[in-house]
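The structure appears below as structure tokens.
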Amino acid sequence: MASSFKYLLIATLVVTLTACKFGPVKKRTDADTADEAQTAMAEGEQGAGAEDQRYGADMGAGFTGQELDDPNSPLSKRVFYFDLDSSQLSVEDRDVIAAHANYLSMNQNVSVVLEGHADERGTREYNIALGERRAKAVLQLLLVQGVSNAQAQVISFGEERPVALDHDASAWRLNRRVEILYSGY
């Protein structure tokens with residue numbers, strides 16, 4: 001009996017310390033959420049051609065900083081959205097993830113965290129698993145294209161860190177995502 005209480009106490013301590021590692025959820029205004037929803041829907045409808053995958057000097061821009069800071073770079077896109085109950089990436093997202101893989105394989109000292117998220121529908125357990133499947137789908141593409149396993153970490157927050165707080169389709173669409181977070185950014 002005392003042994004099981006001891007394990008319960010240790011498990012509670014581990015969960016508490018793990019939860020303290022992450023900051024609070026960012027509060028967003030309704031205007032921010034509406035703008036993001038419109039932008040996300042527009043990006044999903046337009047798609048990117050091969051010519052849009054070029055950036056920096058290739059496009060004649062005078063940008064001389066790092067590719068991660070270049071707004072014309074495909075590396076500036078670090079959030080990937082998913083359909084309901086899906087972990088399938090679109091063709092356009094695969095092209096952008098290929099650019100991230102190229103950057104990471106050329107910069108072995110850079111690492112990323114792949115955060116998987118889900119909308120509020122479904123159980124917490126299901127949403128954690130779905131967020132993990134989504135993040136692992138991105139990880140698999142990175143690994144296949146030469147990124148070291150040590151450079152990427154997967155974490156799933158499920159429904160716990162929404163960017164849109166409304167309870168409608170546009171908010172749910174924004175919450176079904178994977179975010180690529182670079183070390184130092």
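Filtering the range 121-134 down to residues that are more than 13 Å from the chain's Cα centre (by Cα) and basic (K, R), which residue is surrounded by the fewest Cβ atoms within 10 Å (Cβ to Cβ)?
That would be R124.
When you go through (1) surrounded by fewer than 19 Cβ atoms within 10 Å (Cβ to Cβ); (2) under 26 Å from W172 (Cβ atoms); (3) touching a Ser or Thr at 6+ places or on another chain (Cβ under 8 Å); (4) among the hydrophobic types (A, V, I, L, M, F, W, C) one by one for A137, which number turns out not to apply?
All conditions pass for A137, except number (1).
Got at least one residue in the range 64-77 being of a type in the set (K, R) and touching a residue at least 40 places away in the same chain (Cβ under 8 Å)? Spell out the reasoning first.
So in the range 64-77, the residues of a type in the set (K, R) come out as 77.
Imposing the further condition that a residue be touching a residue at least 40 places away in the same chain (Cβ under 8 Å) reduces the set to none.
Among the residues of the range 64-77, not one is of a type in the set (K, R) and touching a residue at least 40 places away in the same chain (Cβ under 8 Å), which makes the answer no.
Could you identify the single residue in A118, A98 that is in contact with a Gly (Cβ under 6 Å, 6 or more places away or on another chain) and either surrounded by fewer than 19 Cβ atoms within 10 Å (Cβ to Cβ) or among the hydrophobic types (A, V, I, L, M, F, W, C) (or both)?
On the way: A98 fails: in contact with a Gly (Cβ under 6 Å, 6 or more places away or on another chain).
When all the criteria are applied, what remains is A118.
For the range 143-161, give me the residue count where each residue is touching a strand residue (DSSP E or B) at 6+ places or on another chain (Cβ under 6 Å), of a type in the set (A, V, I, L, M, F, W, C) and buried (at least 18 other Cβ atoms within 10 Å of the Cβ).
3
For the subset of the range 50-85 comprising residues that are touching a helix residue (DSSP H, G or I) at 6+ places or on another chain (Cβ under 8 Å), part of a loop (DSSP other than H, G, I, E, B) and of a type in the set (S, T, Y), which member is modelled with the highest pLDDT?
S73
The values are calculated or read from the model by the stated rules, or taken from the named source; none is laboratory data. All values derive from a computational prediction rather than experimental measurement. Neighbour counts run over all protein chains shown; Cβ positions are idealised from the backbone, glycine included.
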